[in-house]
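Undergrad: One structure, as structure tokens, below. Some questions next.
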């Protein structure tokens, strides 16, 4: 290796060291890795009895994913019309009308993607392994969210507590292929994206990007979890409080519009929810706060004494 290459490599390491933040940064990463590792290995302890699914709902999610995979990539588009005849005999059940597709879609997408790349895996084993992976991801996302809100020390404590949380482990252990495992990291990721979007240092383009990301994650959550309504309403509630206490900015308007429009478009295209979902309080609250934001912007622009 030439001297120039060695110098370039050394400079890269120096820049990386500065970005990490020296010894404290490495300590932070080490503790986070310990939390993720401990959390993951606790969650895969049931593997001693084999890679199986727990309870009944996980098997339903797996059956739906299996039905989609049998149809290939077209199965995602055929989902609203798929009828499974092994339930509610003899008419069967149209799963699109009674089932949130997010968990099954994720498994089917990962499986088909791996198959397309030449990696052939056992679908049942993949389904049983995904919850611990989601659990590990939730630890990382929760750390990032907590660090943004309360700082590094609180974030590390949050990551360590979530890693050994019995309540979370019960919903993310190996084989628990159900809604919560996927939806919790989506929920925390959406909140983090929204907070980043409305940060005072963010440009309007940045607010738009992170608002779209937040809306996508919330929409993904609404397509995956029957309990999505409460976390979905927290965004309008939080935004309304910010306006009320005088924290309105145009950045907040841009981020909120991007978030609400994105998650609304996704939610109403979930067959189980449909366009009638627009009439529920979950959606109405978002529209009310949107009107509140627009009214505030109008007052600031045209009725403010400074203009």
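Undergrad: Suppose the filter is at pLDDT 95 or above and surrounded by 15 or more Cβ atoms within 10 Å (Cβ to Cβ); does residue 111 pass it?
TA: yes
Undergrad: Sticking with this one: Examine the stretch 185-204 for a residue that is in contact (Cβ under 8 Å) with a residue 24 or more places away in the chain, under 23 Å from residue 59 (Cβ atoms) and in a helix (DSSP H, G or I), and state whether such a residue exists.
TA: Among the residues of the stretch 185-204, at least one is in contact (Cβ under 8 Å) with a residue 24 or more places away in the chain, under 23 Å from residue 59 (Cβ atoms) and in a helix (DSSP H, G or I), which makes the answer yes.
Undergrad: Restricted to the stretch 137-173, and to residues that are surrounded by fewer than 20 Cβ atoms within 10 Å (Cβ to Cβ) and within 14 Å of the chain's Cα centre (by Cα), which residue is farthest from residue 56 (Cα to Cα)?
TA: Going through the qualifying residues, I end up with 144.
Undergrad: A further question on this structure: Looking at the stretch 61-80, which of its residues are surrounded by fewer than 17 Cβ atoms within 10 Å (Cβ to Cβ) and closer than 22 Å to residue 226 by Cβ?
TA: 63, 76, 80
Undergrad: Among the residues of the stretch 259-270, are any in contact (Cβ under 8 Å) with a residue 60 or more places away in the chain and assigned to a loop (DSSP other than H, G, I, E, B)?
TA: Yes, the stretch 259-270 has at least one match.
Undergrad: Is at least one residue of the stretch 63-76 modelled with pLDDT under 90 and not in a helix (DSSP H, G or I)?
TA: Taking every residue of the stretch 63-76 in turn, none turns out to be modelled with pLDDT under 90 and not in a helix (DSSP H, G or I).
Undergrad: Modelled with pLDDT under 95 and either under 13 Å from residue 218 (Cβ atoms) or part of a helix (DSSP H, G or I) (or both), is that true of residue 307?
TA: For residue 307, the condition - modelled with pLDDT under 95 and either under 13 Å from residue 218 (Cβ atoms) or part of a helix (DSSP H, G or I) (or both) - is not met.
Undergrad: Please give the number of the condition residue 201 fails out of (1) at pLDDT 95 or above; (2) in the same structural domain as residue 258 (by TED's automatic domain parsing).
TA: With (1) at pLDDT 95 or above; (2) in the same structural domain as residue 258 (by TED's automatic domain parsing) applied to residue 201, the lone miss is (1).
Undergrad: Sticking with this one: From the list 256, 210, exactly one residue is touching a residue at least 24 places away in the same chain (Cβ under 8 Å) and over 14 Å from the mean Cα position of the chain (by Cα). Which is it? So that I can check it myself, show each step before the final result.
TA: Numbers: 210 fails: over 14 Å from the mean Cα position of the chain (by Cα).
Matching residue, one of 256, 210: 256.
Undergrad: Going by what's in this entry, would residue 92 be described as under 22 Å from the mean Cα position of the chain (by Cα) and modelled with pLDDT under 95?
TA: no
Undergrad: Output the number of the condition that residue 93 fails; it satisfies all remaining conditions of (1) more than 27 Å from residue 233 (Cα to Cα); (2) in contact with a helix residue (DSSP H, G or I) (Cβ under 9 Å, 6 or more places away or on another chain).
TA: (2)
Undergrad: Here is a further query. Only one of these is buried (at least 18 other Cβ atoms within 10 Å of the Cβ), in a loop (DSSP other than H, G, I, E, B) and either modelled with pLDDT of 90 or more or touching a helix residue (DSSP H, G or I) at 6+ places or on another chain (Cβ under 9 Å) (or both): 134, 100. Name it. Step through it out loud before you land on a result.
TA: Numbers: 134 fails: in a loop (DSSP other than H, G, I, E, B).
Going through 134, 100 in turn, the sole match is 100.
Undergrad: Another question about this same structure. When you scan the stretch 220-234, do you find a residue that is within 30 Å of residue 62 (Cα to Cα), surrounded by fewer than 20 Cβ atoms within 10 Å (Cβ to Cβ) and touching a residue at least 60 places away in the same chain (Cβ under 8 Å), even just one?
TA: yes
The values are calculated or read from the model by the stated rules, or taken from the named source; none is laboratory data. In this text the structure is predicted, and so the values were computed from the model without any measurement. Every residue, glycine as well, gets a Cβ built from its backbone with ideal geometry; the counts of neighbours run over all protein chains shown.
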